[in-house]
Amino acid sequence: MTTAPTVEQLAPTRTAKVLKASLKHIITFGLIIFVWEILGRTGQLNRLILPWPSLIGAQLLDLFFISGKIYFHFFTTLAEAVIGFFIGVSIGISLAVGAAFSPRFRRYIAPYAVVFNVTPGIAVAPMIIAWFGFGWSSKIALAALVCFFPPFVNTLTALMRTDEDATDLFRSLGASKREYFWKLQLPNAIPLIFAGLKLALTGALLGTIVAEFFSASAGVGILMQRFAFALQIDGSFATLLTMSAMGLMLFTLMEVLDYRLVFWKRDSRMDSVSKKRAARWRSRHGAIEVS
């Protein structure tokens, strides 16, 4: 008679599979970089079109460790994107909550939200720069405009989705509308809201960089443009990698917040949080003696 493997027995197997898959990706990436470098050094590639990795690496080294000029531009773009993100998300979620509770308000606001979404941000960038000027304000405004729609539509969709059994239970217990919203409707909506926030965060970064391409004195967008105008394509590639690193950093931060806050959607996190709360409750109230 055979017995099923335990979790402890399966853990090394899973770890080995993850390490094996990671090793394959690393080897593949290394081969691509190696072939790319060889093609460049043998004159098969034009450095004005596709510079090879060593040239891009030299520019990254200069930007981050020798001249250090990337930091001012990096944090300028990061600040503009984050501020625009919070403004756009605040407006989007607020309008979505109002639309969820008022059908009349929803009928009026939904068409305008769709219009904002289908209008390309790059098309309105010149007007936004004319309205808000050449400083931070225009970049923040475009970032807020671009990232407004995902939180709005995700929050509205999530709040309109109801669990009939849970709703009947809350009504039978005499829950008020406020209790129903905070203890059932909002917790059920948070996972979908976080999905909208992830899209909005990348959209805010995109809107900020687009605005910097049009007019800016600082930011990774204008830095990349300066490299391109000077035909330093390796510098443009290095700046592009910096943009990607910034987007990855922001997205990872949102993933961590999602993992930490929406714990009830993951069994492992649910068990961990339940044990911590039970231990905290026992430390405050003492163990209950059962006779």
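So residue 188 fits all but one of (1) surrounded by fewer than 13 Cβ atoms within 10 Å (Cβ to Cβ); (2) modelled with pLDDT under 90; (3) closer than 26 Å to residue 155 by Cα; what number is the exception?
Failing condition for residue 188: (1).
What's the number of the condition residue 146 fails, among (1) modelled with pLDDT under 85; (2) within 29 Å of residue 73 (Cβ to Cβ)?
With (1) modelled with pLDDT under 85; (2) within 29 Å of residue 73 (Cβ to Cβ) applied to residue 146, the lone miss is (1).
Quick check on my filter: what residues within the range 238-258 are in contact with a helix residue (DSSP H, G or I) (Cβ under 7 Å, 6 or more places away or on another chain), farther than 30 Å from residue 51 by Cα and not hydrophobic (A, V, I, L, M, F, W, C)?
258, the sole residue that qualifies.
Please determine, by comparing only the residues of the range 158-179 that are free of Cβ contacts under 8 Å to residues at least 60 places away in the same chain and surrounded by 16 or more Cβ atoms within 10 Å (Cβ to Cβ), which one is nearest to residue 92 (Cα to Cα).
At the first step, the residues of the range 158-179 found to be free of Cβ contacts under 8 Å to residues at least 60 places away in the same chain are 158, 161-179.
Now drop any that are not surrounded by 16 or more Cβ atoms within 10 Å (Cβ to Cβ), which leaves 158, 170, 175.
Working: 158: 13, 170: 28, 175: 27 Å.
So the residue we want is 158.
Test residue 183 against the stated conditions and say whether it is within 20 Å of residue 80 (Cβ to Cβ) and either acidic (Asp, Glu) or surrounded by 11 or more Cβ atoms within 10 Å (Cβ to Cβ) (or both).
no
For every residue, the table says whether it meets (1) in a helix (DSSP H, G or I); (2) out of contact with any strand residue (DSSP E or B) (no Cβ under 9 Å at 6 or more places or on another chain); (3) surrounded by 14 or more Cβ atoms within 10 Å (Cβ to Cβ).
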| residue | (1), (2), (3) |
| --- | --- |
| 203 | yes, yes, yes |
| 231 | no, yes, no |
| 246 | yes, yes, yes |
| 249 | yes, yes, no |
| 253 | yes, yes, no |
| 258 | yes, yes, yes |
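Please list, ordered by first then second residue, the pairs with beta carbon atoms under 7 Å, 6 or more apart or interchain, first in the range 28-43 and over 11 Å from residue 54 (Cβ atoms), second outside any helix (DSSP H, G or I) and at pLDDT below 90.
Partner pairs satisfying both residue conditions: 39/45.
Looking at residue 280, is it assigned by TED's automatic domain parsing to the domain that holds residue 156, surrounded by fewer than 19 Cβ atoms within 10 Å (Cβ to Cβ) and either in contact with a Cys (Cβ under 7 Å, 6 or more places away or on another chain) or more than 30 Å from residue 102 (Cα to Cα) (or both)?
Taking the combined requirement at face value, the residue does not satisfy it.
Looking at the range 9-61, which of its residues are at pLDDT 90 or above and of a type in the set (Gly, Ala, Ser)?
30, 40, 54, 57, 58 - these are the residues of the range 9-61 that are at pLDDT 90 or above and of a type in the set (Gly, Ala, Ser).
Would you mind stating whether residue 183 is modelled with pLDDT of 85 or more and basic (Lys, Arg)?
Here the answer is no, as residue 183 does not meet what is asked.
Checking the condition modelled with pLDDT of 90 or more, among the aromatic types (Phe, Trp, Tyr) and more than 30 Å from residue 45 (Cα to Cα), which residue from 227, 263, 194 passes?
Of 227, 263, 194, the one residue that is modelled with pLDDT of 90 or more, among the aromatic types (Phe, Trp, Tyr) and more than 30 Å from residue 45 (Cα to Cα) is 194.
If you take the residues of the range 92-140 that are out of contact with any Phe, Trp or Tyr (no Cβ under 7 Å at 6 or more places or on another chain), among the polar types (S, T, N, Q) and part of a helix (DSSP H, G or I), which of them is surrounded by the most Cβ atoms within 10 Å (Cβ to Cβ)?
137
Can you find, within the range 166-178, the residue that is nearest to the chain's Cα centre (by Cα) among those that are in a helix (DSSP H, G or I) and more than 12 Å from residue 188 (Cβ to Cβ)?
The qualifying residue nearest to the chain's Cα centre (by Cα) is 178.
The values are calculated or read from the model by the stated rules, or taken from the named source; none is laboratory data. In this text the structure is predicted, and so the values were computed from the model without any measurement. Don't worry about glycine lacking a Cβ; one is built from the backbone with ideal geometry, like all the others, and counts go over all protein chains shown.
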